[in-house]
1. Where does the chain land at 222 nm, in deg cm²/dmol rounded to the nearest 500, when only DSSP H runs of n ≥ 4 count, each adding -39500 (n - 2.57), divided by all residues?
2. State in Å² the accessible area per residue of the range 74-209; use a 1.4 Å probe, count heavy atoms of protein chains only, and round to the nearest integer.
3. With all pairs of different alpha carbon atoms counted, what Kirkwood hydrodynamic radius in Å does the range 171-218 show?
4. If I take every Cα pair under 8 Å that is 6 or more residues apart in the chain, average their sequence separation and divide by the length, what percent do I get for the relative contact order?
5. Round to the nearest 10 and give me the degree value, 0 to 90, for the angle of helix 118-127's Cα axis relative to the longest principal axis of the chain.
6. So how do Arg154, Arg126 rank on accessible area, 1.4 Å probe, biggest first, that is with the largest at the start?
7. Using only the alpha-carbon atoms, how far is helix 188-204 inclined from the longest principal axis of the chain? Give it as 0 to 90 degrees, nearest 10.
8. Calculate how steeply helix 62-93 sits against the longest principal axis of the alpha-carbon atoms of the chain, using the helix alpha-carbon long axis, and give the answer as 0 to 90 degrees to the nearest 10.
Amino acid sequence: MRPAAVAKNLGALVVAVVFVFPVYWMFSSALKPSGQILSKDPVFVFTPTLDNFTKATGVDLFWTYVTNSLVVTVGAVALALVVALAAGFAIARMKFKGRKGLVLGVMMAQMAPWEVMVIAMYMIARDAEMLNSLPLLTAIYFVMVLPFTIWTLRGFIAAVPVTLEEAAQIDGCTRGQAFRKVIFPLLAPGLMSTSLFGFITAWNEFAMVLILNKDKTAQTLPLWLTQFQTAFGNDWGATMAASSLFAVPVLVIFVFLQRKAVGGMTAGAVKG
């Protein structure tokens with residue numbers, strides 16, 4: 001093997017270790033006894049314990065947090081996919097006045113820091129008497145993930161040759177049927193990559209639920225992660241266990257969709 005190739009492989013290995021080690025440390029700390037987590041010298045060999053996971057899942061309303069997170073995340077992503085498919089198709093296939101302005105607006109919305117709108121959203125939700133509302137939280141998450149979803153799916157739709165759609169119409173399909181039978185089946189990588197991104201965005205969102213949903217029965221898992229503090233400091237074992245559980249759904253989805261999702265993120269963002 002050439003020296004240049006060896007150097008590249010070593011560099012890639014170093015980068016992989018840098019990124020993977022914190023994840024390993026989180027999961028390993030979740031399985032350590034409390035005394036070994038706070039040990040002055042790092043402990044790599046230990047007897048695993050599930051006590052930290054028991055503490056983490058023993059918090060009041062734990063399953064309510066789980067249910068709320070799943071409801072608002074899945075709901076927001078599903079709504080975003082439906083709307084983005086229609087919007088992406090219109091942008092990629094149709095010529096209309098204001099098309100470039102719409103694309104620019106989508107890009108600007110993607111770059112906007114949503115946290116600066118928290119106060120305005122709080123006042124609107126308060127006046128509409130929708131504080132502590134899961135439907136409102138779902139709608140907000142939907143708006144947050146929609147721009148990226150439109151942008152990516154637009155690229156995938158534009159990458160499908162128009163001739164395929166025209167051939168289907170010649171064979172008797174309407175435009176809607178051509179989209180459903182020809183274009184939609186080819187969008188699997190785009191749907192998977194945008195679903196993964198939208199899921200991560202909504203799953204991790206903290207500021208919105210912190211401000212808008214003060215009632216614990218309407219809160220989600222990111223706020224559950226903040227509950228492991230005692231009069232003597234943080235319970236790091238329970239915190240690491242909770243963080244590990246919080247990360248598992250995203251890791252499972254990413255591993256399941258890895259090949260198509262990675263290809264989708266790189267292809268859909270540049271096509272068209």
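The values are calculated or read from the model by the stated rules, or taken from the named source; none is laboratory data. Nothing here was measured: the structure is a model prediction, and the numbers come from that model. Glycine gets a Cβ as well: all are built from the backbone with ideal geometry, and neighbour counts include every protein chain shown. Please note that ligands, DNA and RNA were not included when accessible areas were found on the heavy atoms of the full protein model with its side chains. Shrake-Rupley method; radii C 1.70, N 1.55, O 1.52, S 1.80 Å.
1. Numbers: 13 runs with 192 residues, N = 272.
Value at 222 nm, helices only: -23000 deg cm²/dmol.
2. Result: 51 Å² per residue.
3. On the way: mean 1/r = 0.0718 Å⁻¹.
Kirkwood radius, the range 171-218: 13.9 Å.
4. Details: 285 pairs, mean separation 84.9, N = 272.
Computed value for the chain: 31 percent relative contact order.
5. In the chain, helix 118-127 runs at an angle near 80 degrees to the longest axis.
6. Working: Arg154 20, Arg126 110 Å².
Putting Arg154, Arg126 in descending order of accessible area: Arg126, Arg154.
7. Orientation of helix 188-204: about 40 degrees from the principal axis.
8. The answer is roughly 20 degrees.
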